[in-house]
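Step one of this worksheet: look at the structure below.
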Amino acid sequence: MALLPILRYPDPRLHTQAKPVTAVDAGIRQLVTDMAETMYTAPGIGLAATQVDVHQRVLVLDVSEDKSQLKAFINPEILWREGECVGEEGCLSVPGIYETVTRSERVKVRALDMEGEPFELEADGLLAICLQHEIDHLDGKVFVEYLSRLKLSRIKARLAKQAKIAV
Ligand code: NI
């Protein structure tokens, strides 16, 4: 097991379009294990492979209170979406920033599991929001990019300041 370094916004690698996984093999299972450990340690409720600079369509999440329900989604696709909900989001790649984003209220997702078997899942609430947020990462999109340009430039300035202090 290994902790993976998480890319920080506005790292341009976060804008990479991830490629579909062609075979769910030992390498992908190791990636899922390492991503889960990285997510729990951070701590966070979701992590996309893009955020650890691996540009394959893999994400992990666990929205349970006691961190007992790890879910891995390989090649996730949103089959349908409905409704609208507004919630505050954060991101391990955008530390310390929480902003309100509008998402679909319910989604149905199809993906492969760790054995390479397809499954479908209908989600609402936090799970639906988290899935949309992580799938966006695989498409090279970070949640702050839904905000106004003015807000985004303020966030970039704040992150640059944080980075300086961290050094
Ligand atoms: Ni994120």
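Using Cα pairs under 8 angstrom and six or more residues apart, how large is the relative contact order of the chain, in percent?
Details: 295 pairs, mean separation 38.3, N = 167.
RCO, the chain: 23 percent.
Considering only 157, 72, 48, the mean-square fluctuation computed in a Gaussian network model of the chain, springs between alpha carbons under 10 angstrom, is largest for 157. The phi-based Karplus calculation (6.51 cos²θ - 1.76 cosθ + 1.60; θ = phi - 60°) puts the 3J(HN,Hα) values of region 114-127 at 5, 8, x, 8, x, 9, 10, 9, 9, 10, 9, x, 4, 4 Hz, whole numbers, x for Gly and Pro. Most simply put, the chain has about 95% antiparallel DSSP beta bridges, counting only bridges with both residues inside it. The calculated FRET efficiency for residue 157 paired with residue 88, based on their beta-carbon distance and R0 = 25 Å, is about 0.75.
Normalised by residue count, the chain yields a Cα convex hull volume of 114 Å³ per residue.
The phi torsions of region 21-28, fed into the Karplus equation with coefficients 6.51, -1.76 and 1.60 and a -60° offset, translate into couplings of 6, 8, 8, 7, 10, 4, x, 5 Hz, rounded to whole numbers, with Gly and Pro shown as x.
Can you grab the distance from the C-alpha centre of region 9-86 to the C-alpha centre of region 95-140, Å, no decimals? When both Cα centres are located, 9 Å separates them.
Values quoted throughout were computed directly from the atomic coordinates according to the rules given, and no laboratory measurement underlies them. None of the values given here were measured: they were computed from a predicted structure. Note: ideal-geometry Cβ built from the backbone for every residue, glycine included; neighbour counts use all protein chains shown.
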